[in-house]
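Report on the structure given below.
The values are calculated or read from the model by the stated rules, or taken from the named source; none is laboratory data. Remember, it's a predicted structure, so these values are computed and weren't measured experimentally. Heads up, the Cβs are rebuilt from the backbone with ideal geometry, glycines too, and the neighbour counts pull from every protein chain shown.
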Amino acid sequence: MADTNPKNEEKQPAEGKPTASESTPKPDPAAPKPEGGESASEKPAPAAVAKSAASAGAKPAPAAGAKPAAPGAKPAAAKPAAKPKVEKKPLIDNGDGTITDPNSGLMWKKTDAWIDTKKFYTWPQAPEYVDKVNKEKFAGHDDWRIPSKAEAATLVDKTKKHMDKNGTEYPFDPIFEIGCAAVTWITECTEEKVVRFDYKIGSEFTYPPCELWSSIRVVRNAEGYEDVPKPGAAPAAKPAPKPGAPAAGVKPAAPAAGAAKPAAPAGDKSATPAPKPDAPAGEKAAPPPAADKPKPTESQSTPTA
């Protein structure tokens, strides 16, 4: 008699559905293993990793030893090119009590008002000394004048030392007479704004309205130096180009290929007439208009018998 106890029946899987052990393929022991003991699917290729990092916008790592830039720091601006150093020419002693400066094109009197008159002058009194030098036509010239601030500053020379009337050194070329005062009136001075140039500090000095005394150095433009830019003078302006004229060295642009030619002026017979447009396909062109025939006379229109 057959055993019908359901506990003793072996449970079979449903047909058509493989088991977990059957669905999972077993590795082939004969297949070569990838390096490192990992499967090819578990270890991504280096090129794929680099490509994915680049696509994600990742920044490259800084070079070894390079300091990272501070957050918000601006890139360093390029330094302007250094101006070429212009060598200063030495002053010239003309041997007649005058000194010529080839760098500024100015001629100076070798002595000052203190050496010449043994006294100082207030600003209102300064023209007295200048008029005296011009009346005497010192060194053959009568166009001596009080220097401007820019002109007086050209005599400051920090590479040299000179001695003033008190025995104090100041930055001045010793080619001038020793014992002069280290100050001079300049044209920027007015009664409301008292200004004089002090060679000890190498600059002008402004005082409140007062009765101030100073020496005077006179100057004039030297002959033969007309092309030398004068101190304080504005640079010569370049002439503006004419309207419509191309800049120097610039060639006019060639017309583009296929560009329309400019229209010929009215009455110009040399202009080539524009070609007539072709008639559309299948459409005959209209015949040219017939020339007018002369009408027959009465004798020609009446038939003969």
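Answer yes if at least one residue in the stretch 107-128 is part of a strand (DSSP E or B), surrounded by 17 or more Cβ atoms within 10 Å (Cβ to Cβ) and under 39 Å from the mean Cα position of the chain (by Cα), and no otherwise. Yes, that holds for at least one residue. Residue check: Asn221 meets all listed conditions (1) modelled with pLDDT of 90 or more; (2) loosely packed, with under 15 Cβ neighbours inside 10 Å but one, namely (2).
Would you check if there is a residue in the stretch 129-150 being under 17 Å from Leu91 (Cβ atoms), surrounded by 13 or more Cβ atoms within 10 Å (Cβ to Cβ), in contact with a Ser or Thr (Cβ under 6 Å, 6 or more places away or on another chain) and not basic (Lys, Arg)? Within the stretch 129-150 (the criterion being under 17 Å from Leu91 (Cβ atoms), surrounded by 13 or more Cβ atoms within 10 Å (Cβ to Cβ), in contact with a Ser or Thr (Cβ under 6 Å, 6 or more places away or on another chain) and not basic (Lys, Arg)), the answer is yes, since at least one residue qualifies.
Just one residue in the set Thr159, Thr206, Thr187 is exposed (fewer than 11 other Cβ atoms within 10 Å of the Cβ) and assigned to a loop (DSSP other than H, G, I, E, B); that residue is Thr159.
Among the residues of the stretch 162-181, which ones are within 41 Å of the chain's Cα centre (by Cα), under 19 Å from Val219 (Cα atoms) and either part of a strand (DSSP E or B) or of a type in the set (A, V, I, L, M) (or both)? Correct list: Phe172 only.
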